[in-house]
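Below is one structure, written out as structure tokens; comments come after it.
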Amino acid sequence: RKEVEQDPGPFNVPEGATVAFNCTYSNSASQSFFWYRQDCRKEPKLLMSVYSSGNEDGRFTAQLNRASQYISLLIRDSKLSDSATYLCVVNNFNKFYFGSGTKLNVKP
Amino acid sequence: DTGVSQDPRHKITKRGQNVTFRCDPISEHNRLYWYRQTLGQGPEFLTYFQNEAQLEKSRLLSDRFSAERPKGSFSTLEIQRTEQGDSAMYLCASSLDSLRGREGDEQFFGPGTRLTVL
């Protein structure tokens, strides 16, 4: 079983839509969690950390459910510039495991 | 630019040759990671350093792969006797072990070295 699993998508949504991604992880002892964004042929860039209490950054909201071992990312009011691959990342004792990514296409 | 840098950005080599990649982390970061990424997949952990000590190596890292961080600053990743299956993007990332707890150990990635083995 993979450490981190994500729906690969693609999610095709119109501008202004709200879209949600989920990610599940297998190790209940995982310590920290992140969402990264990766544009085509570029390096991953940190979008946001996911804190136990959940956190929000502008149009982006991340939540963690330790009991069910999943992480979510909600994007409100999607912009064309949000089109990218979103990677879920889990830290297990300083080994970082990445999901395969969920591709988002925001259409005009 | 004070981000993570990698050199070269692209490398084309013939099967059986040795290649070496360099990573310069953000200067105050004490942790450095190497990953490999192939098309359609997320980065796969290869190894990481805390200062100059190599603390973890993935089973993905065969005997043909070796990484060093001799002075706790830049790092090199060497692949000996390259195979076509080694073709991938090799990413380096750095982070600061801030001792403030596990939340917030963000990694910052370099642009990667794209390796093509012919």
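Results, tabulated for the structure shown:
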read-out	value
Taking the convex hull of Cα positions in the protein assembly as shown, its mean projected area over all directions (nm²)	12.8 nm²
In chain A, lysine pairs closer than 27 Å at Cα, eight or more apart or cross-chain	15
Ranked by how many other beta carbons lie within 10 Å on average, peptides B:36-42, A:95-101 from highest	A:95-101, B:36-42
Rounded if a/c under 1.5, otherwise prolate or oblate - region A:41-93, Cα gyration tensor axes	oblate
Separation between Cα centres of region B:55-74 and region A:16-44, rounded to whole Å	26 Å
Backbone HN-Hα couplings from phi across region A:73-85 [Karplus 6.51/-1.76/1.60, Hz, Gly and Pro as x]	9, 10, 10, 9, 6, 3, 10, 4, 6, 7, 4, 4, 9
Share, in percent, of DSSP beta bridges within region A:1-75 that are antiparallel, nearest 5	100 percent
Gyration tensor over alpha-carbon atoms, chain A, equivalent ellipsoid semi-axes in Å	23, 15, 12
Cα-based Rg / Dmax (Å) for chain B	13.9, 46
Where no second cysteine Cβ lies under 4.7 Å, the cysteines concerned in chain A	A:40
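Read the figures in this text as sums done on the coordinates, not as results from a lab. Note that this is a predicted model, so its numbers are computed, not measured. Every residue, glycine among them, receives a Cβ derived from its backbone with ideal geometry; neighbour counts consider all protein chains shown.
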